[in-house]
Amino acid sequence: MVQPDPVPRPLDHLCARVASEAIALEDRGGTLTYAGLERAVGELAAWLLAQALTPGDRIASWLPKTRTACLMPLAAARAGLVHVPINPLLKRAQVSHILADSGARLLITQPARAATLETGDRAEARVVLEDETGGADPLPPSAADPHSLAAILYTSGSTGRPKGVMLSHANLWLGAISVAHYLQLTPADRVLAVLPFSFDYGQNQLFSTWAAGGRVIPLDYLTARDVVKAVDRHDATTLAGVPPLWVQLLETEWPPEIAVKLKRLTNSGGALGERLVRGLRTRFPGADLYAMYGLTEAFRSTYLDPALVDAHPEAIGRAIPFAEVMVVRPDGSRAAPGEAGELVHAGPLVAQGYWRDPGRTAERFRPAPGFAEHQGVAVWSGDTVVAGVDGLLRFVGREDEMIKSAGNRISPSEIEEAVVAGGEAAEAVAIGVPDERLGQAILVVLRGDPAREAELRARLKGLLPNFMQPARFEWRAGLPRNANGKLDRAALKREVTP
């Protein structure tokens, strides 16, 4: 098992840690050993250096999960460049914004995607097709300063245009070591990587697996059935997802002989809730379930030990290695057990701020008095949580999503969990909409069986107090998702509020 060594190294050293004939990558092109991975990263890094780029230049990739997409984060780091991965699901307008905002000098993509861009969309970036890369003599591992900038990850832009989060070699290296340690990854693990590499946890699946000497199996999927088939075909042991994906997977048939292959399930990008926890534990009884919480600005913050999941399905756990977290009141003092407050993060996993945005950086990244180990900069999450007397953290909601009705502050997640608990709906999003009498009334947009609305209302009357009862339900065949696969709350709110 990987030991939680707190000394960071240049990110590209990950692929050089296991110089062996063990398999590092398995994709449509076949397999790549660790020795082959090291060589391929060196060759791509050398090609990048030959493109008249200057150390610190930003280079973007807009690719599905090809081999180049897997190599690019390490190759860019080895070449002294800053990688800007762009989600392949994004469209021309969002890609144009990221290229212009990052000042990318190079964009590596595929012909069909390149054809959608107009001249003005490319900003300063020269477009190079994926097939034109590589072929140079490999560069050896770098001697980069671990605290230098290695990547800019753009958030999904749920509140305005996407903003770039600046991550150092140290942020990414220590994130890999931390996750590999607490997930207890080993060289025998085969990790099915279904999350976008532009998503911090999607990219970390590459890094943490390689830190442990395991095998990454990248997958672009269209349906949940594709995931089932891939688990079977590749004998995957580990699968990471976000709550909407788990909903789809639980609605899909899993032959017992395939389900038993999974030994580890990990969740981020939103709270699972008790219903999903129970469903996953029933469907995959032999798999350890890791509920996790994090945000791009601090990578990963907490995880719940699988041994505690059955007894505490609503918890997000305790701090991961290298992270220090605390719950604070509005005045910055530490909240008491059982008292709701904002979750604040400190430590070496905290990002370096927002790219070219000192104003928003100053708002979110502030000094961290009161932390025992880290008196430097912390990131204020904007998430409301409660720490129980058992030391476990529990998610309440995002401050900017809290519903304020008749003088009450209401967590949307509490309503949503109650709505889906009975099976009338598979997914739900609770939104506060303007109301002259209440200030905000509760609207629930949901996917399920509208014929069961009366049954749902009757059940909620026994579960929720009067002030938390939804004023109305809006049934839909599907709910919108953002590019990272999460339910797009901001898009729904724009649709349903005047």
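So if I place +1 on the C-beta of Lys and Arg and -1 on the C-beta of Asp and Glu, and nothing else carries charge, what would the dipole magnitude of segment 218-316 be about its Cα centre? I want it in debye, nearest 20. Could the numbers behind the result be given before it?
Working: 11 positive and 13 negative charges, 23 e Å.
It comes to approximately 100 debye.
By how many degrees, 0 to 90 and rounded to 10, does the Cα axis of helix 67-78 deviate from the longest principal axis of the chain?
Taking Cα atoms only, the helix is inclined about 70 degrees.
Quick one: helix 92-102 against the long Cα principal axis of the chain, what's the angle to the nearest 10°, folded into 0 to 90?
Around 60 degrees separate the two axes.
Once volume of the Cα convex hull per residue in Å³ is worked out from the coordinates, which option in (1) 152; (2) 211; (3) 169 does it equal?
The value matching this structure is (1).
Helix-only estimate, please: 222 nm mean residue ellipticity of the chain, summing -39500 (n - 2.57) across DSSP H runs of length 4 or more and dividing by its residues, to the nearest 500.
The per-residue figure over the chain is -8000 deg cm²/dmol.
Over segment 107-261, one equal point on each Cα, no solvent: what is log10 I(q)/I(0) by the Debye formula at q = 0.11, 0.19 Å⁻¹?
After summing over all Cα pairs, the log10 values are -0.61, -1.37.
Counting other Cβ atoms within 10 Å of each Cβ, which GluC sites (Glu not before Pro) in segment 435-498 have at most 12 and sit in a DSSP loop?
Here the GluC sites (Glu not before Pro) that fit, given the DSSP loop and packing criteria, are 436.
In whole Å, what is the distance between the alpha-carbon centres of segment 433-460 and segment 193-264?
Here the answer is 34 Å between Cα centres.
Taking a probe of 1.4 Å, how large is the accessible area per residue of the chain, in Å²?
40
Using only Cα atoms, tell me the angle between helix 273-283 and the longest principal axis of the chain; keep it within 0 to 90° and round to the nearest 10.
60
Summarise the accessible area of segment 144-301 (1.4 Å probe, protein heavy atoms) by the percent that is carbon and sulfur.
Carbon plus sulfur share of accessible area: 51 percent.
Using +1 on the beta carbon of Lys and Arg, -1 on that of Asp and Glu, and nothing else charged, what's the dipole of the chain about the Cα centre, debye to 20?
Numbers: 53 positive and 57 negative charges, 102 e Å.
Dipole of the chain, to the nearest 20 debye: 500 debye.
Using heavy-atom solvent-accessible surface (probe 1.4 Å) with all chains present, what is the largest-first order of 62, 355?
Sorted descending by solvent-accessible area, the residues read 355, 62.
Which of 213, 328, 183 sits farthest toward the positive end of the charge dipole of the chain, with +1 on the Cβ of Lys and Arg and -1 on the Cβ of Asp and Glu?
So the residue furthest toward the plus end is 328.
When all protein chains stay in place, what accessible area (Å², nearest 10, 1.4 Å probe) is found for residue 86?
Roll a 1.4 Å probe over it and residue 86 shows about 10 Å².
Mind jotting down the distance between the C-alpha centroids of segment 98-153 and segment 1-77, whole Å?
14
The values are calculated or read from the model by the stated rules, or taken from the named source; none is laboratory data. This structure is a prediction, so every number in the text was calculated from the model and none was measured. All Cβ positions, glycine included, derive from the backbone under ideal geometry; neighbour counts span all protein chains shown. What goes into the accessible areas is simple: the full protein's heavy atoms, side chains included, and nothing from ligands, DNA or RNA. Shrake-Rupley method; radii C 1.70, N 1.55, O 1.52, S 1.80 Å.
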